[in-house]
Amino acid sequence: MLTVLALHAGRTVSWDTLVTELWPDKDLANSRNALHANTVRLRKLLESWELDEHPNDVVVTANNSYLLALPPESTDAARFLRLASQGSELLREDPARAGEVLNEALRLWRGPALLDAGEGLLCRSTAAQLEERLMTLREDLVMVKLHTGGEREVIADLQELVVAHPGRERFSEQLMIALYRCGRQSEALDVYQRTRAWLVNELGLDVGRSLRELYQSVLAQDPVLDARA
């Protein structure tokens with residue numbers, strides 16, 4: 001319950017939404033009583049944390065809804081998303097600063113998103129969104145290195161990421177660029193072939209246009225591959 005309210009910090013969440021989220025596979029005879037019991041337990045938990053505010057002022061009842069009366073940025077998830085977005089926006093104009101902001105966001109990550117938060121649709125979908133944002137953040141962090149001459153520093157990490165996420169072509173592209181810039185053209189081409197083979201064999205798909213064009217650029221030793229801007 002705390003997770004659902006925290007994801008909507010500062011906004012009301014209807015009783016019906018909470019019941020559906022907390023007991024997605026159950027048809028409770030008296031869902032309102034069950035929800036009230038959960039609220040009592042939650043307030044007792046908050047009381048044990050010795051917050052400055054009284055628990056009744058933190059978990060507020062209002063119009064058949066509950067409200068967690070805290071600023072949205074009181075959660076790591078909200079701060080993570082804000083910093084990840086800021087870092088992405090800074091990437092081209094100030095990659096060094098972008099790296100600082102993105103790493104600050106990454107330090108907020110402490111394991112699988114919303115671990116033990118339950119099987120409700122809202123928690124599961126939000127966890128998936130956060131995990132996806134983590135992947136794009138890691139792509140952005142690699143781009144910081146590629147923009148600032150740190151190709152050698154990211155090769156090992158990218159090799160692990162390509163193995164862990166073989167269908168994520170962006171990691172393959174970044175690894176190919178890093179290898180090429182380090183004078184390892186044949187290895188860059190091998191990355192393409194392995195990625196293509198996995199997509200064909202596992203998903204029945206060919207690689208996307210961006211990866212195909214990069215492959216041709218590596219074959220042609222296109223000078224644009226050395227451009228870091």
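FYI, it's all coordinate maths here, none of it is from the lab. Note that the coordinates shown come from a computational prediction; the quantities given were computed from them, not determined experimentally. Backbone-built Cβ (ideal geometry, glycine too); neighbour counts: all protein chains shown.
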* Structure fact -> Ranking 141, 172, 62 by how far each Cα lies towards the positive end of the charge dipole of the chain (+1 on Lys and Arg Cβ, -1 on Asp and Glu Cβ), the top one is 172
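Taking the Cα centre of the chain as origin and charging only Cβ (+1 Lys, Arg; -1 Asp, Glu), how large is the dipole, in debye to the nearest 20? Present the calculation step by step, with values, prior to reporting the outcome.
Working: 26 positive and 35 negative charges, 28 e Å.
Magnitude of the dipole: close to 140 debye.
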* To do: List, largest first, the extents of the alpha carbons of the chain along their principal axes, each in whole Å.
  => 69, 40, 25
* Asked: By the scheme Lys and Arg +1, Asp and Glu -1, what is the net charge of all other residues having a beta-carbon under 10 Å from that of residue 118?
  -> -2
* To do: Considering the options 34, 24, 211, tell which one lies farthest towards the positive end of the dipole of the chain, charges being +1 on Lys and Arg and -1 on Asp and Glu at the Cβ, about the Cα centre.
  => 211
* Structure fact -> Sorted largest first, the Cα spans of region 36-133 on the principal axes come out in Å as 50, 31, 26
* Structure fact -> region 172-229 and region 1-22 have their Cα centres apart by a whole-number Å value of 45 Å
* **Ratio of the Cα radius of gyration of region 103-210 to 2.2 N^0.38 Å, where N counts its residues** => 1.22
